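This is the structure I have questions about; it appears just below.
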Amino acid sequence: MADKEFSTDILIVGAGMGGVAAALAALKLGRNVILTEETDWIGGQLTAQGVPPDESPWIDSHQTGGTRSYRAMREHIRATYRRYYPLLDEPKQNPRLNPGMGSVGPLCHEPKIGLAVLEGMLAPYIASGRLTLWLNHIPESAETGEDRVESVRLRSTLTGEERTVRFDYVLDATELGDLLPLADVEYIIGAESQLQTGEMHALPGEPDPLDQQALSWCYAMDYLPGEDHTIEKPDDYDFWRTYQADFWPGRQLSWHTPDPTNLRTVHRPLFGGETDAEYVDDMWHFRRILYRKYYPAEFFPSDITLVNWPQIDYWLGPVLGVTEAEKQKHLRGTQQLSLSFLYWMQTEAPRHDSGQGYPGLRLRGDILGTEGLAKYVYVREARRIEAQFPVREEHVGVEQRQGLKGAAIFTDTIGIGSYRIDLHPSTAGRNYIDIPSWPFQIPLGALLPIRVKNLLPACKNIGTTHITNGCYRLHPVEWNIGEAAGALAAHCLNRNLLPEQVRNSSELLSDFQRLLSEGLGFELQWPEELRLTPRVSLAPLGV
């Protein structure tokens, strides 16, 4: 099939949270954009991966911890429930409506609602012709020259059609940093050593590129007691039924998991109380995305919860730095683990009220636009660019900063975030690393590759380390990174500048930061009282 050629100001490969935010920023600043996405859903971890937002604890109480457009997205989600769902009056009038009453955060909602909101935010630009959106497209190759990327060739996974796009700037917003190797951009995978980074919690010996955080393939389910919705026995169930890692407190399929902060064994059952109670410290209520008591009696037969729990963390092998066959083997393994955990819950799990199994658990693929699991695996760690300024534990970690108050101050700040340094078990057999961090800034230098001039990271692929990725990878931070990258590319085109010129000139940097803060509603620093409040705890299971 003949290769078709297109041109645009900015190509954004990947339409997860960072990619969508990048497109919105570039479009608002007057540039034309082609945005591509591997799946048929935009939104990444918020939608296709099925993960409710993990956010700053002050996102509602202080209206801080996210850009103006991120906070607008959150309010659009709440407004969608108020407009279309038959909410009872009390939750409908609640300005801090949490649709699922999940304990992980203040806005637990169905992925489809997030999708509808993001599509609505992009719709005017698609209608105007300034934004072109290609779903079901993956990057195949890139043409490079003189420290620039000249073009990217993409392929439709539905038709096989190939399209080559030429551009002034290209943003890698893929979940795994897939464009970096294609474009010969220097990058890092896996875990660095202490000798490389000086980080307290980096590897004490040699670096290990294959030491990568666990993947999780999420799914939604409801519970209908008295009914039988048991799925077909998964092919790998017999393996997972007895599997136990050396570092884990029991079998993978059990209610016993480590507390991420101290690794002590915790017993947390599926139900610790009534299924439709407001808050209970159990698995069901942790990521609940629909709370049926917010609606007239019998309107919903059950609450709906989202399974992203320690039992479905897959660490038997990495997906970066390995062959395609090895990658696919581990992606399949991730799916099999998730299905095996569901089957175990339905058939063999110890019940809270004696007996075994909850056959009334019903897989709700319709909530995720599928017939089963989420559309895409939940990715915690991607390829990371070798950046002009890498963020290290010394900049944000409470322990390594040795009594200093607050995170490092970055003069080139382009945003803020707050999350613990939260690393899930790894493919090298390492347990959780979950340590306190200070509310932090996002430095522009972490978005600038050491060599390539016109490619910017717009997702989890910025210049963090294996350690600091643990606090820079969540929803509002990824959005902020993407939005800043889109704004930077557009700003450089509008002013005939290069990104490193913006960073290296105090005058140009101030001008760009003014655009971000006054024009686009970015927060470049934390209020002082919050900046000095470390993230010493999270919801009990992390994300």
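The values are calculated or read from the model by the stated rules, or taken from the named source; none is laboratory data. What you see is a predicted model, and the numbers here were worked out from it, not measured in a lab. Cβ placement follows ideal geometry from the backbone for every residue including glycine, while neighbour counts extend to all protein chains displayed.
Go through segment 498-532 and report how many residues are within 18 Å of I442 (Cβ to Cβ) and among the polar types (S, T, N, Q).
Going through segment 498-532 one residue at a time, the tally reaches 5.
Turning to a different aspect of this structure: Please go through (1) basic (K, R); (2) touching a residue at least 12 places away in the same chain (Cβ under 8 Å); (3) within 30 Å of N469 (Cβ to Cβ); (4) in contact with a Pro (Cβ under 9 Å, 6 or more places away or on another chain) for R380 and return the number of the only condition it doesn't satisfy.
In the conditions (1) basic (K, R); (2) touching a residue at least 12 places away in the same chain (Cβ under 8 Å); (3) within 30 Å of N469 (Cβ to Cβ); (4) in contact with a Pro (Cβ under 9 Å, 6 or more places away or on another chain), R380 misses (4) alone.
To continue, here is another question. Here are some conditions: (1) farther than 30 Å from R292 by Cα; (2) crowded, with 19+ Cβ neighbours inside 10 Å; (3) not basic (K, R). I113 meets all but one. Which one does it not meet?
Answer for I113: the failing condition is (1).
May I pose another question? Against the definition (at pLDDT 95 or above, in a loop (DSSP other than H, G, I, E, B) and closer than 21 Å to G18 by Cβ), how does G521 come out, yes or no?
yes
Let me ask something additional. Just give me the residues in segment 381-408 being within 24 Å of V185 (Cβ to Cβ) and either polar (S, T, N, Q) or in a loop (DSSP other than H, G, I, E, B) (or both), in sequence order.
E381, A382, R383, E386, Q388, F389, P390, R392
Exactly one condition in (1) touching a helix residue (DSSP H, G or I) at 6+ places or on another chain (Cβ under 9 Å); (2) assigned to a helix (DSSP H, G or I); (3) within 30 Å of E274 (Cα to Cα); (4) not aliphatic (A, V, I, L, M) is not met by T334; state its number.
Condition (3) is where T334 drops out.
In addition: Can you tell me which residue is surrounded by the most Cβ atoms within 10 Å (Cβ to Cβ) among those in segment 444-476 that are in contact with a helix residue (DSSP H, G or I) (Cβ under 8 Å, 6 or more places away or on another chain) and of a type in the set (A, V, I, L, M)?
A458
So, in segment 277-315, exactly how many residues are loosely packed, with under 15 Cβ neighbours inside 10 Å and not charged (D, E, K, R)?
Adding up the residues that qualify gives 5.
Return the pairs, sorted by first residue and then second, in which the second residue is modelled with pLDDT under 95 and not polar (S, T, N, Q), the first residue lies in segment 138-156 and is within 25 Å of I42 (Cα to Cα) and in a strand (DSSP E or B), the beta carbons are less than 9 Å apart, and the residues are 6+ apart or on different chains.
From residues that are within 25 Å of I42 (Cα to Cα) and in a strand (DSSP E or B), the pairs are R153/D3.
Looking only at segment 411-438, which residues are over 18 Å from E386 (Cα atoms), part of a loop (DSSP other than H, G, I, E, B) and in contact with a strand residue (DSSP E or B) (Cβ under 7 Å, 6 or more places away or on another chain)?
The answer is S418, Y419, R420, H424, A428, N431, Y432, P436.
Also: What are the pairs with Cβ atoms under 6 angstrom where one residue, in segment 310-321, is under 17 Å from R383 (Cα atoms) and the other, located anywhere, is basic (K, R) and part of a helix (DSSP H, G or I)? Sequence gap at least six, or different chains.
Correct list of pairs: V319/K327.
When only residues in segment 246-274 that are in a loop (DSSP other than H, G, I, E, B) and free of Cβ contacts under 8 Å to residues at least 12 places away in the same chain count, which is nearest to S338 (Cα to Cα)?
Taking the candidates together, the pick is R251.
With respect to the numbered conditions (1) farther than 30 Å from I385 by Cα; (2) within 28 Å of the chain's Cα centre (by Cα); (3) crowded, with 16+ Cβ neighbours inside 10 Å, which one is the sole condition not fulfilled by A245?
Answer for A245: the failing condition is (3).
Conditions first: (1) under 18 Å from V398 (Cβ atoms); (2) among the charged types (D, E, K, R); (3) touching a residue at least 24 places away in the same chain (Cβ under 8 Å). E478 passes all but one, so which condition is the exception?
E478 satisfies every listed condition except (1).
If you don't mind, there's one more thing I want to ask. Taking segment 340-369 as the search range and keeping residues that are among the hydroxyl-bearing types (S, T, Y) and assigned to a helix (DSSP H, G or I), which one is farthest from the chain's Cα centre (by Cα)?
T347
Among the listed residues P359, P318, P301, P350, identify the single one that is touching a helix residue (DSSP H, G or I) at 6+ places or on another chain (Cβ under 9 Å), more than 23 Å from G372 (Cα to Cα) and not polar (S, T, N, Q).
P318
Of everything in segment 439-486 that's of a type in the set (G, A, S) and assigned to a helix (DSSP H, G or I), which residue is nearest to E37 (Cα to Cα)?
Filtering segment 439-486 for residues that are of a type in the set (G, A, S) and assigned to a helix (DSSP H, G or I), the one nearest to E37 (Cα to Cα) comes out as G482.
Here's the yes/no breakdown for (1) over 25 Å from A21 (Cβ atoms); (2) of a type in the set (A, V, I, L, M, F, W, C); (3) surrounded by fewer than 19 Cβ atoms within 10 Å (Cβ to Cβ):
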{"position": "P124", "(1), (2), (3)": "no, no, yes"}
{"position": "R130", "(1), (2), (3)": "no, no, yes"}
{"position": "W134", "(1), (2), (3)": "no, yes, yes"}
{"position": "P139", "(1), (2), (3)": "no, no, no"}
{"position": "E146", "(1), (2), (3)": "yes, no, yes"}
{"position": "S156", "(1), (2), (3)": "no, no, yes"}
{"position": "E161", "(1), (2), (3)": "yes, no, yes"}
{"position": "V165", "(1), (2), (3)": "no, yes, no"}
{"position": "D168", "(1), (2), (3)": "no, no, yes"}
